[in-house]
């Protein structure tokens with residue numbers, strides 16, 4: 001979508017309007033700051049799911065290059081919150097009920113409502129899925145995902161894996177695969193190029209994770225274009241493949 005020259009004020013306005021319009025988010029205590037396309041969210045939300053939903057909503061706005069999520073979770077009825085032990089039971093039960101996760105290999109610890117996941121899985125998408133499942137459990141204030149990916153199978157031949165990844169990117173209607181370059185060396189997949197929005201960047205990451213069977217590591221070095229005033233340059237966004245997330249995703 002062509003968005004023309006987007007100023008920080010344009011981006012800030014659109015984010016605020018989107019947060020206020022989204023019925024899943026109580027935006028009454030959210031402040032938004034934007035500088036050169038870099039978005040910072042401050043304030044408080046009533047539950048962890050709203051925290052992540054607010055970040056996703058901000059990242060979907062054209063012109064956003066990255067998001068720093070400083071929102072804190074303040075439950076409106078703190079006296080009714082589950083204990084850490086009750087949360088642990090809920091998280092472990094939820095993971096066990098997933099037929100596509102090896103829950104036995106995931107260790108759950110909780111302190112003050114903050115969840116830490118450790119252990120090993122055999123695919124990148126399983127690591128992300130374990131994290132996403134926990135968003136919907138009430139009483140959680142933060143998440144530190146330390147799960148390690150150890151593929152159960154040896155990486156395929158580099159050239160073959162490259163072709164598979166390129167084909168998957170081409171099949172995604174959100175992604176202009178012609179602007180991306182894929183290279184696989186000794187089980188490490190690296191993707192470079194540029195995309196128009198942070199939302200498309202995330203689509204690239206999800207596509208890589210879903211098909212990365214046997215790949216030891218994903219390096220997503222794709223750049224999000226700066227659609228700002230004339231003269232603004234492209235700016236790099238976070239490298240997700242090595243799990244070097246920004247503070248927007250509490251780790």
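If I go through segment 91-108 residue by residue, how many of them are assigned to a helix (DSSP H, G or I) and either touching a strand residue (DSSP E or B) at 6+ places or on another chain (Cβ under 8 Å) or modelled with pLDDT of 95 or more (or both)?
Selection size over segment 91-108: 4.
Criterion first (surrounded by 14 or more Cβ atoms within 10 Å (Cβ to Cβ), over 26 Å from residue 50 (Cβ atoms) and in contact with a strand residue (DSSP E or B) (Cβ under 9 Å, 6 or more places away or on another chain)) does residue 149 satisfy it? Lay out the reasoning, then the answer.
Details: surrounded by 14 or more Cβ atoms within 10 Å (Cβ to Cβ): yes; over 26 Å from residue 50 (Cβ atoms): yes; in contact with a strand residue (DSSP E or B) (Cβ under 9 Å, 6 or more places away or on another chain): yes.
Yes, satisfied.
Output the residues belonging to segment 84-125 that are within 16 Å of residue 150 (Cα to Cα) and surrounded by fewer than 13 Cβ atoms within 10 Å (Cβ to Cβ).
First, pick out the residues of segment 84-125 that are within 16 Å of residue 150 (Cα to Cα): 100-107, 117-125.
100, 104 - these are the residues of segment 84-125 that are within 16 Å of residue 150 (Cα to Cα) and surrounded by fewer than 13 Cβ atoms within 10 Å (Cβ to Cβ).
One residue is enough: does segment 38-53 have a residue meeting the conditions within 29 Å of residue 7 (Cβ to Cβ), out of contact with any strand residue (DSSP E or B) (no Cβ under 9 Å at 6 or more places or on another chain) and assigned by TED's automatic domain parsing to the domain that holds residue 15? Step through it out loud before you land on a result.
From segment 38-53, those within 29 Å of residue 7 (Cβ to Cβ) are 38-45, 50-53; that's our starting set.
Still in the running and out of contact with any strand residue (DSSP E or B) (no Cβ under 9 Å at 6 or more places or on another chain): none.
Among the residues of segment 38-53, not one is within 29 Å of residue 7 (Cβ to Cβ), out of contact with any strand residue (DSSP E or B) (no Cβ under 9 Å at 6 or more places or on another chain) and assigned by TED's automatic domain parsing to the domain that holds residue 15, which makes the answer no.
Restricting to segment 41-53, count the residues that are crowded, with 20+ Cβ neighbours inside 10 Å and at pLDDT 95 or above. Before you say what the answer is, go through the steps one by one.
To start, the set of residues in segment 41-53 that are crowded, with 20+ Cβ neighbours inside 10 Å comprises 41, 45, 47-48, 50-52.
Retained after the next criterion (residues that are at pLDDT 95 or above): 41.
Qualifying residue count, segment 41-53: 1.
Here are the criteria: (1) in a loop (DSSP other than H, G, I, E, B); (2) under 18 Å from residue 135 (Cα atoms). Tell me which single one residue 64 does not satisfy.
(2)
Scan segment 183-206 residue by residue and report those that are out of contact with any strand residue (DSSP E or B) (no Cβ under 8 Å at 6 or more places or on another chain) and either more than 21 Å from residue 58 (Cα to Cα) or part of a strand (DSSP E or B) (or both).
185, 186
The values are calculated or read from the model by the stated rules, or taken from the named source; none is laboratory data. What you are looking at is a predicted structure, and each value in this text was computed from that prediction instead of being measured. Positions of Cβ are generated from backbone atoms using ideal geometry, with glycine treated the same way; all protein chains shown enter the neighbour counts.
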